[in-house]
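**Student:** If you scroll down you'll find the structure; I have some questions about it.
The values are calculated or read from the model by the stated rules, or taken from the named source; none is laboratory data. Please read these numbers as outputs of a predicted model, since none were measured by experiment. Don't worry about glycine lacking a Cβ; one is built from the backbone with ideal geometry, like all the others, and counts go over all protein chains shown. Surface accessibility is based on the protein's heavy atoms, side chains included, excluding ligands, DNA and RNA. Shrake-Rupley method; radii C 1.70, N 1.55, O 1.52, S 1.80 Å.
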Amino acid sequence: MQACGASASRDREQLLSEPVALAWQAFDRAANLACRVTPAVPVLFFGNLEAYRASPLRVVTVGLNPSLHEFPTGVPFRRFPLATGKREPRRYLDAMSDYFCTDPYGSWFNAFQPLLNGLDTSYYKGAASIALHTDICSPVATNPTWGKLGKDDRAALEADGIPLWHKLLEELRPQIVAISVAKVHLKSIKFKSEKNWKNIHTFERRPDGAPRAPYKICARWHNVGGERSLFVFGAAAQKPFGLLADSQKQEAGELLRKEYCRTARMR
């Protein structure tokens, strides 16, 4: 993580003070749920916040909730060494920002990387823009994973997690939001939208030319905190955009960037 001056740290804390408090509130309220991973901390976001804010293109990716693998048995804070249960806001935000410089859960996050590369963006330093990852349902890691949770547990986590996610995005002000989850979760997006989802590309063949079941990349503009943000959706498999080859994910990212630039110029 790039070093930040004292004034930058204060600005960062002030910017996200409410989401940080809400994340810990969600974590504490989940204490009575057997599914909550413990020991752990809530994960408000993954990625270098200061580098994201300074990026020419602000991109946020979206999943459901943190994996139980973020807090490995035996060494639970291996991926968040600065967040060993402490609630001091500056240290907590540093822990979130340092994630991709420490020991990220690469086998999952790398599924997003080709799409980000097509946007000239990455979670990792060296790209023109730095992306952040967020979770729409909850900042709380669970065991089992989201799809295997009971209905009551999911409802309890979403009651805190979904409003928190909206508040977080209002403060992050993303220009592009890439979502790859089960389609039903799109109903949880409460930001005012412009028109309906638009199909920007359909993959009908595999990279080797063989036919495949059509896979659609769809986009829609939303108003996020008074600014326009282009949301893109592609169905998930076990991993984000998991039904596409890496080369096709990169192509999707390139197409998305063109769509963003083309439509933004029209406004």
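**Student:** Springs between alpha-carbon atoms under 10 Å, Gaussian network over the chain: tell me which of ILE200, ILE162, ILE176 tops the mean-square fluctuations.
**Tutor:** Ranking ILE200, ILE162, ILE176 by mean-square fluctuation puts ILE200 first.
**Student:** Then there is this: Solvent-accessible area of VAL184, probe 1.4 Å, all protein chains present, reported in Å² to the nearest ten, please.
**Tutor:** Accessible area, nearest 10 Å²: 90 Å².
**Student:** To the nearest 20 Debye, how big is the dipole of the chain about its Cα centre, given +1 on the beta carbon of each Lys and Arg and -1 on that of each Asp and Glu?
**Tutor:** Using only the charged Cβ atoms, the result is roughly 720 debye.
**Student:** Please report, in Å, the Rg and the Dmax of the stretch 27-83, where both are computed over Cα atoms only.
**Tutor:** For the stretch 27-83, the Cα radius of gyration and maximum Cα-Cα distance read 13.8, 42 Å.
**Student:** Based on the Kirkwood radius over alpha-carbon pairs, what is the Stokes-Einstein translational diffusion coefficient of the stretch 71-115 at 37 °C with 0.692 mPa s viscosity, in µm²/s?
**Tutor:** After rounding, the answer is 288 µm²/s.
**Student:** Please report, in cubic angstrom per residue, the volume enclosed by the convex hull of the alpha-carbon atoms of the stretch 47-136.
**Tutor:** About 96 Å³ per residue, rounded to a whole number.
**Student:** Here's a follow-up. Consider just the alpha-carbon atoms of the chain and return their Rg together with their Dmax, both in angstrom.
**Tutor:** 17.9, 55
**Student:** Here is a follow-up. Angle between the Cα long axis of helix 6-29 and the longest principal axis of the chain, 0 to 90 degrees, nearest 10?
**Tutor:** 80 degrees
**Student:** Among ASP208, ASP98, ASP28, which one moves the most in a GNM of the chain with springs linking Cα atoms closer than 10 Å?
**Tutor:** ASP208
**Student:** Compute the distance in nm between two label points, each set 7 Å from the Cα along the Cα-to-Cβ direction, one at LYS187 and one at ALA21.
**Tutor:** With each label placed 7 Å out from Cα toward Cβ, I get 3.2 nm.
**Student:** Semi-axes of the equivalent ellipsoid for the stretch 16-168, please: Cα gyration tensor eigenvalues, times 5, square-rooted, ordered largest first, whole Å. Please report the intermediate quantities before stating the final value.
**Tutor:** Working: eigenvalues 117, 52, 48 Å².
Sorted largest first and rounded, they come to 24, 16, 15 Å.
**Student:** Another question, if that's okay. Taking the alpha-carbon centroid of each part, what is the distance from the stretch 23-65 to the stretch 227-267 in angstrom?
**Tutor:** Between the Cα centres of the stretch 23-65 and the stretch 227-267 lies a distance of 22 Å.
**Student:** Using 7 Å Cα-to-Cβ label points, what is the CYS101/ALA34 separation (nm, one decimal)?
**Tutor:** Once both label points are built, they end up 4.1 nm from each other.
**Student:** Binning at 10 angstrom from zero up to the longest distance, how are the C-alpha pair distances of the stretch 113-267 distributed in percent?
**Tutor:** Binned Cα distances yield the sequence 10, 37, 37, 15, 1.
**Student:** Moving on. Provide GLU50, GLU88, GLU70 ordered by accessible surface of protein heavy atoms (probe 1.4 Å), highest first.
**Tutor:** GLU88, GLU50, GLU70
**Student:** Kindly provide the helix-only [θ] at 222 nm of the chain, computed as the sum of -39,500 (n - 2.57) over DSSP H runs of four or more divided by all residues, to the nearest 500 deg cm²/dmol?
**Tutor:** -11000 deg cm²/dmol
**Student:** For the chain, what is the accessible area per residue in Å² when the probe is 1.4 Å?
**Tutor:** Value returned for the chain: 46 Å² of accessible area per residue.
**Student:** So how do LYS167, LYS198, LYS192, LYS249 rank on accessible area, 1.4 Å probe, biggest first, that is with the largest at the start?
**Tutor:** LYS192, LYS198, LYS167, LYS249
**Student:** Tally up the carbon and sulfur contribution to the accessible surface of the stretch 10-156 as a whole percent, 1.4 Å probe, everything protein left in place.
**Tutor:** 50 percent
**Student:** Compute a Gaussian network model of the chain, connecting alpha carbons closer than 10 Å, and tell me which residue from VAL62, VAL43, VAL75 fluctuates the most.
**Tutor:** Its mean-square fluctuation being the largest, the pick is VAL75.
**Student:** For labels at ASN117 and ASN223 in the simple 7 Å Cα→Cβ model, what's the distance in nm?
**Tutor:** Roughly 3.8 nm, to one decimal.
**Student:** Let me ask something else. Run the dipole for the stretch 149-254 about the Cα centre, Lys and Arg Cβ at +1, Asp and Glu Cβ at -1, nothing else charged, and hand back the magnitude in debye, nearest 20.
**Tutor:** 380 debye
**Student:** In degrees, nearest 10, range 0 to 90: what is the angle between the Cα axis of helix 246-265 and the longest Cα principal axis of the chain?
**Tutor:** Tilt relative to the chain: about 80 degrees.
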